[in-house]
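A.B. asks: Before I ask anything, here is the structure I am working with.
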Amino acid sequence: MEFSESVQRGLKSLADPSSFDRRCYQVLVDVSFRSLLSSQADPSVLEQPELKQIDQILLKQSHTAATTFILEAVKQNADKSTISSCLEELSFSADRIEIFYSTHQEHRKELERLLASIGRCPPHIHDASWCLQYHVKNDQVDKINEPFYLISLNTEKERSSEDINFTCTVEQLQDLVGKLKDAAKSVERASQM
Amino acid sequence: MLLVLSEEHKEHLSFLQRVDSAVVGEFGRIALEFLRRGSSPKIYEGAARKLCVPVETVQHGVEGLMYLMTESSKHMISKVDFLDSVLVLGFGEELNLILLQLYLQNHSEIRSILSQLPSNLPAYHNLEWRLDVQLASRAIRQQVIPVLTMRLLLTGGSDSPGELSRRVLQTDPGTLLHLISTLEGALAAIKTNHARRIFRNIK
């Protein structure tokens, strides 16, 4: 993992016991992880009582460096040895590396999910609903007397949802279900490879 | 069920009495082409010149004939009812039989043309699918996420009848299984006693 000069500087300060004593270090590590996971940006995130003694500019630089490091580690799916050797090079003590790594393990899955949700993709189908109706007649043709289905696919894209509605005859629904079953069979086969 | 023809309609059709049966057959053909593809003034002008009558008369005759055919097909009226309905027009036996033939030969085609008209809801046409595995994105590497991407093709809809609209959608394997079981439930609904009773009794 590679980091810019300013991130490296910020991390080196974080490693330095004269800038951050053990207690402040733990607090800043916790705050850094939590600030990434909270759904809204909180301007008072660094206003912890333990962090008040520290020079505020240094605090911000270290916080930025820490969050950058965390995101890169999750993005690259870095393992313990990669993280440890990276932090070692930046003069982190074994103790501090351990604190960082255990907090990382605690929040890793959630961060992965967060990063995976960023990006563009087609609308995602979450559910389908249906109703069966009997078409008796309409204004153009009398005596139709045929059953048909109204299908509604509930899709979501980037937090806005849309329903896709369409009609189909019994044969068409059988065709649709047949194709979905083919897809499911191929998923099963692929998972066994 | 008997058709009730308006005075205006009867007047338009009365023209058919004055021409011979070949012409009536020809008008029938024009009327059906009208239903299939629309009409053009040139056809009416040509016929009007040959018969030495005003274009309007020809047009009304054809339209009257077309309306007679669509109304009869719409209600699926029986042979007997059709003949009784045209009796009102006071035509001869031969003309009545020509009209009946026209109806019997074309009523299913006319019904299928009519039933294509009122599609204000999109209808299923086809579903294409592919299975992919997402390996990485800009935000995160080393993923293994199975994705089912689909293209749903739908016809109609009020803004583009007769044209196919394409929607690209995706889902995951878990939701796919849920969709399959939900839609199989839909197919099972048709086989219930309740559904069968309704189908039998509404005619």
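A.B. asks: Filter the GluC sites (Glu not before Pro) in segment A:41-147 to those in DSSP coil with at most 16 other Cβ atoms within 10 Å of their Cβ, and list the result. List each step's numbers first, then the result.
C.D. replies: Details: sites: A:GLU47, A:GLU50, A:GLU72, A:GLU88, A:GLU89, A:GLU98, A:GLU106, A:GLU110, A:GLU112; in loops: A:GLU47.
Those that pass, being in a loop and sparsely packed, are A:GLU47.
A.B. asks: In the protein assembly as shown, carbon and sulfur make up what percent of the accessible area (probe 1.4 Å)? The partial results should precede the final answer.
C.D. replies: Details: 11650 of 22630 Å².
Taking all protein chains in place, the protein assembly as shown shows 51 percent carbon and sulfur surface.
A.B. asks: Projected area of segment B:14-66, taken from the Cα convex hull and averaged over every viewing direction, in nm²? Numbers along the way, then the final one.
C.D. replies: Details: hull surface 12.5 nm².
Across all orientations, segment B:14-66 yields a mean hull projection of 3.1 nm².
A.B. asks: I've got another one for you. How far is helix A:80-89 tilted off the main Cα axis of chain A, in degrees rounded to 10, range 0 to 90?
C.D. replies: 40
A.B. asks: I'd like the mean, over residues of B:179-191, of how many other protein chain beta carbons sit within 10 Å of each residue's own Cβ.
C.D. replies: Values: counts 10, 8, 1, 6, 11, 5, 1, 13, 8, 0, 5, 5, 0.
Mean shielding count: 6.
A.B. asks: Over its Cα atoms, what ratio of radius of gyration to 2.2 N^0.38 Å does segment A:1-57 give? Walk me through the numbers on the way to the answer.
C.D. replies: Details: Rg = 12.2 Å, N = 57, 2.2 N^0.38 = 10.2 Å.
In units of the globular-protein estimate, segment A:1-57 measures up at 1.19.
A.B. asks: Magnitude of the Cβ-charge dipole of the protein assembly as shown, K/R +1 and D/E -1, about the Cα centre, nearest 20 debye?
C.D. replies: Working: 44 positive and 51 negative charges, 129 e Å.
Result for the protein assembly as shown is approximately 620 debye, rounded to the nearest 20.
A.B. asks: Going 7 Å from the Cα of B:VAL55 toward and past its Cβ, which residues in segment B:11-46 have a backbone nitrogen under 16 Å from where you end up?
C.D. replies: B:39-46
A.B. asks: Take the Cα coordinates of the protein assembly as shown, assign each an equal point scatterer, and use the Debye formula without solvent to give log10 I(q)/I(0) at q = 0.06, 0.08, 0.09 Å⁻¹.
C.D. replies: After summing over all Cα pairs, the log10 values are -0.51, -0.68, -0.76.
A.B. asks: Related question: Using the Kirkwood radius over C-alpha pairs as Rh, can you work out the diffusion coefficient of segment B:102-203 via Stokes-Einstein at 25 °C, viscosity 0.890 mPa s, in µm² per second? If you can, show how the numbers build up before the last one.
C.D. replies: Numbers: Rh = 17.9 Å.
It diffuses with D of about 137 µm²/s by this estimate.
A.B. asks: R0 = 35 Å: FRET efficiency of A:VAL27 with A:MET1, Cβ-based, nearest 0.05? Walk me through the numbers before you get to the answer.
C.D. replies: Values: r = 24 Å, r/R0 = 0.69.
About 0.90, to the nearest 0.05.
A.B. asks: Could I ask something else about it? Which residue, B:LEU131, B:LEU183, B:LEU100, tops the fluctuation ranking in a GNM of chain B built on C-alpha contacts under 10 Å?
C.D. replies: It is B:LEU183.
A.B. asks: Using only alpha-carbon positions, what ratio does the radius of gyration of segment B:58-111 give when scaled by 2.2 N^0.38 Å?
C.D. replies: Numbers: Rg = 10.5 Å, N = 54, 2.2 N^0.38 = 10.0 Å.
Segment B:58-111 yields a ratio of 1.05.
A.B. asks: What whole number of Å gives the distance from the Cα centroid of segment B:172-193 to the Cα centroid of segment B:33-89?
C.D. replies: Answer, in whole Å: 48.
A.B. asks: Under 15 Å from the 7 Å Cα→Cβ point of A:SER39, by amide nitrogen: which residues of segment A:87-120?
C.D. replies: Label zone hits: A:114.
A.B. asks: For segment B:1-122, build the convex hull from the C-alpha positions and give me its volume per residue in Å³.
C.D. replies: Details: hull volume 13.6 nm³, N = 122.
In segment B:1-122, the Cα convex hull volume per residue is 111 Å³.
A.B. asks: Then there is this: When only Cα pairs under 8 Å and 6 or more residues apart are kept, what is the percent relative contact order across chain A? Can you show the working numbers first?
C.D. replies: Numbers: 184 pairs, mean separation 32.4, N = 193.
Computed value for chain A: 17 percent relative contact order.
A.B. asks: Still on this model: Going through segment A:142-193, which trypsin sites (Lys or Arg not before Pro) have at most 10 other Cβ atoms within 10 Å and a DSSP loop state?
C.D. replies: Numbers: sites: A:LYS143, A:LYS157, A:ARG159, A:LYS179, A:LYS181, A:LYS185, A:ARG189; in loops: A:LYS143, A:ARG159.
Passing sites in segment A:142-193 are A:ARG159.
A.B. asks: Among B:SER78, B:SER165, B:SER181, determine the one that fluctuates most according to a GNM of chain B built with springs between C-alpha atoms less than 10 Å apart.
C.D. replies: B:SER181
A.B. asks: Just in segment A:143-193: which GluC sites (Glu not before Pro) are loop by DSSP and have at most 14 other Cβ atoms within 10 Å? Display every interim value, and only then the final one.
C.D. replies: Values: sites: A:GLU156, A:GLU158, A:GLU162, A:GLU171, A:GLU188; in loops: A:GLU158.
Here the sparse-neighbourhood loop sites are A:GLU158.
A.B. asks: Quick check on segment A:1-127: what does the Kirkwood estimate of hydrodynamic radius come out to from the alpha carbon pairs, in Å? Can you show the working numbers first?
C.D. replies: Working: mean 1/r = 0.0650 Å⁻¹.
15.4 Å is the Kirkwood radius here.
A.B. asks: So what is the accessible area of segment B:56-203 per residue, in Å², with the probe set to 1.4 Å?
C.D. replies: Details: 8020 Å² over 148 residues.
For segment B:56-203, the per-residue accessible area is 54 Å².
A.B. asks: Let me ask you something else. Output the 0 to 90 degree angle, nearest 10, between the alpha-carbon long axis of helix A:56-75 and the longest principal axis computed from the alpha carbons of chain A.
C.D. replies: 50
A.B. asks: Sticking with this one: To the nearest 20 Debye, how big is the dipole of chain B about its Cα centre, given +1 on the beta carbon of each Lys and Arg and -1 on that of each Asp and Glu? Intermediate values should be presented prior to the final figure.
C.D. replies: Values: 22 positive and 21 negative charges, 229 e Å.
That gives a dipole near 1100 debye.
A.B. asks: Ordering B:MET150, A:MET1, B:MET66, B:MET76 from largest to smallest accessible area (1.4 angstrom probe), what's the sequence?
C.D. replies: Details: B:MET150 10, A:MET1 65, B:MET66 40, B:MET76 90 Å².
My answer, sorted largest first, is B:MET76, A:MET1, B:MET66, B:MET150.
A.B. asks: Normalising by the residue count of chain B, find the relative contact order in percent from Cα pairs under 8 Å and 6+ residues apart.
C.D. replies: Once divided by the residue count of chain B, the mean separation gives 15 percent.
A.B. asks: Helix A:170-191 against the longest principal axis of chain A: what's the angle in degrees, Cα atoms only, rounded to the nearest 10?
C.D. replies: 30
The values are calculated or read from the model by the stated rules, or taken from the named source; none is laboratory data. Since the structure is predicted, the reported quantities are computational estimates derived from the model, not experimental observations. Glycine also receives a Cβ, built like all others from the backbone with ideal geometry; neighbour counts cover every protein chain displayed. SASA here: full protein model, heavy atoms, side chains in, ligands and nucleic acids out. Shrake-Rupley method; radii C 1.70, N 1.55, O 1.52, S 1.80 Å.
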